[in-house]
Amino acid sequence: MGYHEMFGFNYEPNPFDIDTVTLRHRFRKAITVAHPDRWAGRDEGKEQLIQTLSTSLNNANRTLADPLQRAQYILTRQGVPAQGEDTLEDPELLMEVMELREEIENAESQEDVDRVKEENSNKMETLVQDISGLVGAKDWPAVKIATTRLKYLRGIEDAAKAWPNSHFDH
Amino acid sequence: MYARQLLRAGAALRAPLARASVPLVRTPAITSPVFQTKRLYHEKVIDHYSNPRNVGSLDKALQDVGTGLVGAPACGDVMRLQIQVDEETGVIKDVKFKTFGCGSAIASSSYVTELVKGKTLEEALAIKNTAIAKELSLPPVKLHCSMLAEDAIKSAVKDYRSKRVVKKPTLGPEAVAA
């Protein structure tokens, strides 16, 4: 079963357009029933099953709730080869990212960082809307490019949040 | 996952301290607890990470400077590597890098700057990521970091060479003047 189907969302026509409020309600309802504690000690077979179900529900919820993970999931489900370990040579994007990451690193006040953060979150908002349109149009190569960009913008956001400490990617 | 949580926890602990005491002086990140509690990285990686060689930038507008800019889209890493070439001998006389990414990516680029300094462009192009990975004992999941460093060198050499190709005007008044 796909993640959308687990929460009763239609995959078509646009799997990216998820009402996150509805998702939250449905997840809570489902997890209440499937919570391992509720089934603990009752029946070993059932307990195991509930454990698995609850893990799946959590994964599905986390994936669908986050635009970046949702876009990555849709790409995988569409059979678009995942953004592998190939080196990216997109000078425009990389230059932009490098500039903003350096701006954060060299920032001297919280205000400097907040300015970058706000500009960045506006960009992300626009990009998420773009991705919705591209998914609707089933333009998978373009969805992939936009998703990579979103990944980098997320990195900028994380770095801004971590300031004045360095942000660790992994 | 574990490393990330640890680091987050570490960052959260340090953050209020750093802001309260010396707001304008940034604490170096090398005190990250992950290196002390759990040896996730090889010591050579830690060495390059905590004491990176040749960090910085060169003027990319200079004719003898080549700039390589590459990224690892899966991780969201970005790496800039610049070389300054002696135009007579074709030897790389200076090199600088800046990487935003994980410890392995930073260490790979730091190590590669040490490797290429004093080498000719041909020698620099011959550097393989496997040599970087071996030196730093990178685990399989981090091999792409060394590939990124190899690609950064290639990209920098390519940029330098593209500047060498003098585009002679074939039309217009400049062509006559030249």
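The values are calculated or read from the model by the stated rules, or taken from the named source; none is laboratory data. These figures come from a predicted structure and were not determined experimentally. Here the Cβ positions follow ideal geometry from the backbone for every residue, glycine too, while neighbour counts run over all protein chains shown. Heads up: the accessible areas ignore ligands, DNA and RNA and are worked out on the full protein's heavy atoms, side chains in. Shrake-Rupley method; radii C 1.70, N 1.55, O 1.52, S 1.80 Å.
Key figures for this structure:
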read-out: Reachable lysines, given that their alpha-carbon falls under 25 Å from the alpha-carbon of A:K46 and they are not under 8 places away in the same chain; value: A:K29
read-out: Net charge dipole size for the stretch A:1-122 [Lys, Arg +1 and Asp, Glu -1 on Cβ; Debye, nearest 20]; value: 1480 debye
read-out: Accessible-area composition of the stretch B:41-102, carbon plus sulfur, in percent [1.4 Å probe]; value: 45 percent
read-out: Mean Cβ neighbour count within 10 Å, used as a protection proxy, ranking A:62-71, B:53-62, A:48-57 highest first; value: A:62-71, A:48-57, B:53-62
read-out: Per residue solvent-accessible surface (Å²) - chain A, probe of 1.4 Å; value: 55 Å²
read-out: At least 50 Å² accessible surface lost relative to isolated chain, residues of the stretch B:47-80 (1.4 Å probe); value: B:L69, B:P73, B:A74, B:G76, B:V78
read-out: Helical contribution to [θ] at 222 nm, DSSP H n ≥ 4, -39,500 (n - 2.57), averaged over chain A, rounded to 500; value: -23000 deg cm²/dmol
read-out: Selected from A:P91, A:V135, A:P36, residue furthest toward positive end of dipole (the stretch A:14-170; charges at beta carbon); value: A:P36
read-out: Packing-based order for A:105-118, A:150-163, using average beta carbon neighbours within 10 Å, highest first; value: A:150-163, A:105-118
read-out: For B:103-111, mean number of other protein chain Cβ atoms within 10 Å; value: 1
read-out: Per residue solvent-accessible surface (Å²) - the stretch B:43-178, probe of 1.4 Å; value: 46 Å²
read-out: Set of aspartates and glutamates near B:K134 by C-alpha distance (under 19 Å), chain-local residues within fewer than 8 positions excluded; value: A:E85, B:E43, B:D47, B:E114, B:E123, B:E150, B:D151
read-out: Residue-by-residue Karplus 3J(HN,Hα) for the stretch A:31-47, coefficients 6.51, -1.76, 1.60, Hz, glycine and proline x; value: 6, 5, 6, 9, 5, x, 4, 5, 10, 4, x, 8, 7, 4, x, 5, 4
read-out: Leading residue at positive end of dipole, the stretch B:62-129 (Cβ point charges), from B:G66, B:L121, B:S109; value: B:S109
read-out: Gyration tensor (alpha-carbon) shape descriptor, the stretch A:1-68, a/c threshold 1.5; value: prolate
read-out: Cα radius of gyration and Dmax for the stretch A:11-170 (Å); value: 19.4, 59
read-out: Percentage relative contact order, the stretch A:15-79, counting C-alpha pairs under 8 Å, at least six apart; value: 38 percent
read-out: Isotropically averaged projected area of the stretch A:34-116, using the convex hull of Cα atoms (one quarter of hull area), nm²; value: 10.0 nm²
read-out: Pairs beyond 24 Å (Cα-Cα), from B:K44/B:K96; A:K161/B:K158; A:K161/B:K128; B:K142/B:K163; B:K44/B:K128; value: A:K161/B:K158; A:K161/B:K128; B:K142/B:K163
read-out: Interface size A-B, as summed buried accessible area [1.4 Å probe, Å², nearest 100]; value: 3200 Å²
read-out: Student exercise, the stretch B:33-130 dipole from Lys, Arg, Asp, Glu Cβ charges, in Debye to nearest 20; value: 520 debye
